[in-house]
Amino acid sequence: YTFTMHHRHSEPVRKWPPEKGTVEYYAELADRDRLLRGRKLLAFSDGNSTFRISSLGFLHYTTVQIGTPGVKFMVALDTGSDLFWVPCDCTRCAADFDLNVYNPNGSSTSKKVTCNNSLCRSQCLGTSNCPYMVSYVSAETSTSGILVEDVLHLTQEDDLVEANVIFGCGQIQSGSFLDVAAPNGLFGLGMEKISVPSMLSREGFTADSFSMCFGRDGIGRISFGDKGSFDQDETPFNLNPTYNITVTQVRVGTTIDVEFTALFDSGTSFTYLVDPTYTRLTESFHSQVQDRRDSRIPFEYCYDMSPDANTSLIPSVSLTMGGGSHFAVYDPIIIISTQSELVYCLAVVKTAELNIIGQNFMTGYRVVFDREKLVLGWKKFDCYDIEDHNDAIPTRPHSHPPAVAAGLGNYPATD
């Protein structure tokens, strides 16, 4: 499967005619670059585009079509959780968005998933509907409802493919799902059997691997079945059912000897670190910055950008992974436009919970989640498959860090 990611302020997006914010608008975006050249991969029926939307948590989205007749949903992509869910028969869903809601009774191919299905983890019995509830890292963010089965519409080159998948009929959403992120659903990409990548590989549609490309302009691509290339760098996953890796060293201009494990999570906007790693990295960064610190911005380490500033003045950040491979961080900062100037911030947030490498650190790479070899692969990559695009896109200021840790949904479900 292959899709391309767009930032909503990028030039390709601004030229499209449909009204912004509608499903048709994003479906039009999805028609670009339908397949990676030379690769026989499956794509969603509406094309291969995915896109980063700054106003919806800086997450990456794509358009999927499910059911008969097909209904389109703009879903966030999340390697930190497993379940694919969409708003459905809503008791409490995001209200301020003109987006589709799934109706099982409106699809001729919809089937209920019962409690005796092997993918039902709830403590229920027999042939009643299987309930689910998934909680996420973001404060008080969850989804609950029932599991259903229906057709996910795909294409392979010019052939239509219909894959039966099990997903969540999300009747009750809370927290960030009501206003900040994923108002039209979440596409879990995790390792558990309930995830769509697991189902597609189990049914023989594709190899058990996928890649995500994160362009610097917000345009990228996701490719199911992609196992990367022979010349990519790799590090092994740690032994747990998540994309968890080991970092053995951090370099911020100079080397910092610190070792930690972290989750690679596309469903988290920015990077979260636990002390002492957070303090050692940020203080090293701060000691090398020459610009004036700006305390008005919610990130801890922000600076006023001087008129003649360029990226060479910003300390370089890199990681050494387990096994010795090098991972340069091409986009450690976020640029925020204020009324009179530009401010840049080190887009790393202190946390007391667990280390998360967010999608901002993945920018500029094709990241391969190889679930067969149990390795994370990466290679510097241009998501257009042409010369790199280096344009920095200032973003709107926020009253709080807009990062949304959509990942780490806890499945199995509870009643």
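Against the list (1) at pLDDT below 85; (2) surrounded by fewer than 17 Cβ atoms within 10 Å (Cβ to Cβ); (3) under 30 Å from Val134 (Cα atoms), the condition Ser337 fails is (3).
Residue selection: Thr141 satisfies the criterion of being over 25 Å from Gly225 (Cα atoms) and touching a strand residue (DSSP E or B) at 6+ places or on another chain (Cβ under 8 Å).
Checking each residue in segment 235-245 for being under 22 Å from Thr206 (Cα atoms) and surrounded by fewer than 19 Cβ atoms within 10 Å (Cβ to Cβ) picks out Pro236, Pro241. A Cβ distance below 8 Å, combined with a sequence gap of six or more or placement on separate chains, defines the contacts here; from segment 284-308, residues that are among the aliphatic types (A, V, I, L, M) and surrounded by 15 or more Cβ atoms within 10 Å (Cβ to Cβ) reach residues that are assigned to a loop (DSSP other than H, G, I, E, B) and at pLDDT below 90 in the pairs Val289/Ile314; Val289/Pro315; Ile297/Pro397; Met305/Asp291; Met305/Glu341.
On the given criteria, is Ser223 in a loop (DSSP other than H, G, I, E, B), among the small types (Gly, Ala, Ser), under 30 Å from Ser176 (Cα atoms) and within 18 Å of the chain's Cα centre (by Cα)? It is false that Ser223 is in a loop (DSSP other than H, G, I, E, B), among the small types (Gly, Ala, Ser), under 30 Å from Ser176 (Cα atoms) and within 18 Å of the chain's Cα centre (by Cα). Put simply, of Ala392, Ala405 the only residue that is more than 22 Å from Tyr278 (Cα to Cα), assigned to a loop (DSSP other than H, G, I, E, B) and at pLDDT below 50 is Ala392. Summed over segment 114-144, residues that are modelled with pLDDT of 90 or more, touching a Leu at 6+ places or on another chain (Cβ under 7 Å) and crowded, with 20+ Cβ neighbours inside 10 Å total 4.
Where strands (runs of 3 or more DSSP E) fall entirely within segment 264-356, those with at least 1 residues that are under 24 Å from the mean Cα position of the chain (by Cα) and not assigned by TED's automatic domain parsing to the domain that holds Tyr136 are at 271-273, 317-321, 326-329, 333-337, 342-346, 348-350.
Please work out if Leu147 is assigned to a strand (DSSP E or B) and modelled with pLDDT of 95 or more. When the stated conditions are applied, Leu147 passes them. Summed over segment 158-179, the residues that are surrounded by fewer than 22 Cβ atoms within 10 Å (Cβ to Cβ) and either out of contact with any strand residue (DSSP E or B) (no Cβ under 9 Å at 6 or more places or on another chain) or assigned by TED's automatic domain parsing to the domain that holds Ser269 (or both) give a count of 3.
If I filter segment 320-328 for residues that are under 25 Å from Gly57 (Cα atoms) and modelled with pLDDT under 95, do I get at least one hit? The answer is no, given that none of the residues of segment 320-328 is under 25 Å from Gly57 (Cα atoms) and modelled with pLDDT under 95. Note on segment 150-185: residues that are modelled with pLDDT of 95 or more and more than 16 Å from Ala95 (Cα to Cα) amount to 9. Assessment of segment 188-201 against the conditions (at pLDDT 90 or above, of a type in the set (A, V, I, L, M, F, W, C), out of contact with any strand residue (DSSP E or B) (no Cβ under 8 Å at 6 or more places or on another chain) and surrounded by fewer than 24 Cβ atoms within 10 Å (Cβ to Cβ)) yields at least one matching residue.
The values are calculated or read from the model by the stated rules, or taken from the named source; none is laboratory data. None of the values given here were measured: they were computed from a predicted structure. Every residue, glycine among them, receives a Cβ derived from its backbone with ideal geometry; neighbour counts consider all protein chains shown.
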